[in-house]
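The values are calculated or read from the model by the stated rules, or taken from the named source; none is laboratory data. Everything quoted here is computed from the prediction, not taken from an experiment. Every residue, glycine as well, gets a Cβ built from its backbone with ideal geometry; the counts of neighbours run over all protein chains shown.
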Amino acid sequence: MLGSLENQYQVDRYSFGDELSAGLDEKGDKEVTNLSKALSDICDLYTNQNVGALIVATDGIYNRGSNPLYASKRLAAPLHTIGLGDTTARRDVVLRKVFHNRIAYLGDKFSVEIDVQALNCAGERPVLTVQRIGTGSPQTVHQEALEIKTKDFFQTREVVLDADQPGMQRYQVSLTQLNGEASVINNARDIFVDVLDARQQILIVGSSPHPDISALRQAITINRNYEVTVSMADEFDGNLESFDMVILHQIPGIAPAGKTLLTQLDELNLPRLHILGMQTDFSRLDHLENLVQLTVDGQNTNDVQASVDPAFSLFSIDETLSSQLPSFAPLIAPFGNYEAGPVGQVMLWQRIGKIDTKYPLFVFGESKSVRTGILTAEGLWKWRLFDFLKNGNHDLFDGMVAKIVQYLSVREDKRRFRVEAANNIFAENEPVILSAELYNASYELVNESDVSVTIINEQGEEYDFVCSRSGKSYTLNAGFFPMGNYRYVAEAVTGGGTLTAEGRFSVESLQLEAFETTARHGMLQRLSEQNGGSFFRAESIGALSDLIKSSEVRPVVYQTDQNKPLMHFKWVFALLAALLALEWFLRRFYGAY
């Protein structure tokens, strides 16, 4: 057909999948079909040109982009469509869509919604199975039989799974194959869920058993993102490196226990919350003088309530808490003089009786570049009980503790070498992009050193790359990878040694073309009708050639008028000079002078 049209017209050929490309692709193996984008790109290319007709040959199936019937751009030319493929609805069960969150948190549950479609399968009972695919054999986490009662069946099933393992988890959703199915590729789909272990480890250490410790533990563990470990100072022999924050109840105490703990805290620069009381050794708190300065006799106490400082700005305080806190049960503060340090921000002031003092009760700030909080009294357990007595729940107290822990446990990223993937999950047709940043000892961004990256698949095979410099950072386009889980190890050799960074990503397969097997000729017919064209089946495309030839597709003749000054024509000046020279010669020859 195109050969006969080329004798009279200029014929431009294009193929389309996810993008429009010049020339016809005879393979037809595109993984993605975006018909609306192809039509929009054609309109952009041929706007204001003399287009006689647009011919689109396709089966009408698209799996990316919007419905082409609603495309806003139109050419001033008829759009003819040629219907390819088979419109017969064959026997098939299809996993049409699988909806899921890409991220879940360890210990939570997450939902997977599965759209199942079946054609001409009435009476069958396919089994829906969800398996976790790991390094070992697949683990079945859900299985159920579906009852197909109608010829054209569609149902959405919800499956709730446990996020019980951290890291990138690959699940396969599948339906059992039936006899005589048109396609079995669309019976299974792979999904990836990144299970994040975002729980922060909080350590509460006390000099002796105290109800404050229980109240704090209960308030913190309300949030499942926190995991609390409780220990007495003389019993704790663990490694502080695994904790994000430490709450010290009356430590340093009068007893020597806890001295080693404080040394480790300073070495690791761990955020901490000090709760002071009558068992506290105030002489060993000199390192906190930039937050609060204390002169305490250690023998007597004051019953103190709290008043909120309206100028406090490190985190927000609930308005209801601010109004009710002055009436909460009093805490016990050692008798003495208290003064806020130069870098401390006071959240609560001590209220003794009915007098609002300038003695700090709760102070926050950075002591030696470490986020630190100090409560200068004990008895927090009373506040939690009073909150329940007054409001019927612990929400105000628990909310206050949650904000305190959130502020203190946030740690600044001090890594000198950082490598991140552009996505946690890439599609098979997406290149894997990594970016890297390298800092010197003064935390200035530099890129003098070479950065190498090794990507390792699930079978242990390694792929080595070298990052390119981009500005003051690094970037790597590692190309395309097959479906699976991958991890990467990056190295940068600097004057101070070798810095390393690790990460992971996954690649999910694209099987979009396999989930629609019935051609959509009806959509193509409507598309042609609303664009002034006609629909033709593949066996009658000769009629389309005759239709285009018989239509009034006329060439456009362009005429351009240009005016130029006479001085631009040099041959005119040469002719005038020649005539003047000839006149001079003839006059001299005939003796006119």
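Numbers for the structure displayed
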item	result
Yes/no for Ile82 being at pLDDT 85 or above, farther than 30 Å from Asp164 by Cβ and aliphatic (A, V, I, L, M)	yes
Single residue of Glu428, Glu339, Glu437, Glu448 found to be free of Cβ contacts under 8 Å to residues at least 24 places away in the same chain and either within 15 Å of Val292 (Cα to Cα) or outside the structural domain of Thr301 (by TED's automatic domain parsing) (or both)	Glu448
Close pairs from the stretch 205-225: first within 23 Å of Lys259 (Cα to Cα), partner assigned to a loop (DSSP other than H, G, I, E, B) and β-branched (Val, Ile, Thr), Cβ under 8 Å, at least 6 apart	Val205/Ile251; Gly206/Ile251; Ser207/Ile251; Ser207/Ile254
Listing of strands (runs of 3 or more DSSP E) fully contained in the stretch 78-145 that carry 3 or more residues being within 27 Å of Ala427 (Cα to Cα)	92-100, 103-105, 109-119, 127-133, 139-145
Residues within the stretch 147-195 that are crowded, with 17+ Cβ neighbours inside 10 Å and of a type in the set (Asp, Glu), tallied	3
Listing of strands (runs of 3 or more DSSP E) fully contained in the stretch 377-450 that carry 2 or more residues being loosely packed, with under 15 Cβ neighbours inside 10 Å and of a type outside the set (D, E, K, R)	none
Residue selected from the stretch 249-296 under the condition free of Cβ contacts under 8 Å to residues at least 24 places away in the same chain and closer than 22 Å to Gly341 by Cα, by the criterion surrounded by the most Cβ atoms within 10 Å (Cβ to Cβ)	Leu262
Of residues in the stretch 351-376 being within 36 Å of the chain's Cα centre (by Cα) and small (Gly, Ala, Ser), the one surrounded by the most Cβ atoms within 10 Å (Cβ to Cβ)	Gly373
Residue tally, condition over 18 Å from Tyr14 (Cβ atoms) and touching a helix residue (DSSP H, G or I) at 6+ places or on another chain (Cβ under 6 Å), over the stretch 46-68	2
Gly238 being in the same structural domain as Phe335 (by TED's automatic domain parsing), at pLDDT below 85 and buried (at least 22 other Cβ atoms within 10 Å of the Cβ)	no
Inter-residue pairs, beta-carbon under 8 Å, first of a type in the set (S, T, N, Q) and in the stretch 111-126, second in a loop (DSSP other than H, G, I, E, B), 6+ apart	Ser111/Asn101; Asn120/Ala89; Asn120/Arg90; Asn120/Arg91; Asn120/Lys151
Top-ranked residue in the stretch 297-350 [being aromatic (Phe, Trp, Tyr) and touching a helix residue (DSSP H, G or I) at 6+ places or on another chain (Cβ under 7 Å); ranked as surrounded by the fewest Cβ atoms within 10 Å (Cβ to Cβ)]	Phe315
In the stretch 153-175, the residues that are part of a strand (DSSP E or B) and either among the charged types (D, E, K, R) or within 25 Å of Gly503 (Cβ to Cβ) (or both)	Arg157, Glu158, Leu161, Asp162, Gly167, Met168, Gln169, Arg170, Tyr171, Gln172
Residue satisfying all of: in the stretch 42-70; surrounded by fewer than 21 Cβ atoms within 10 Å (Cβ to Cβ) and within 29 Å of the chain's Cα centre (by Cα); nearest to Ser550 (Cα to Cα) among these	Asn67
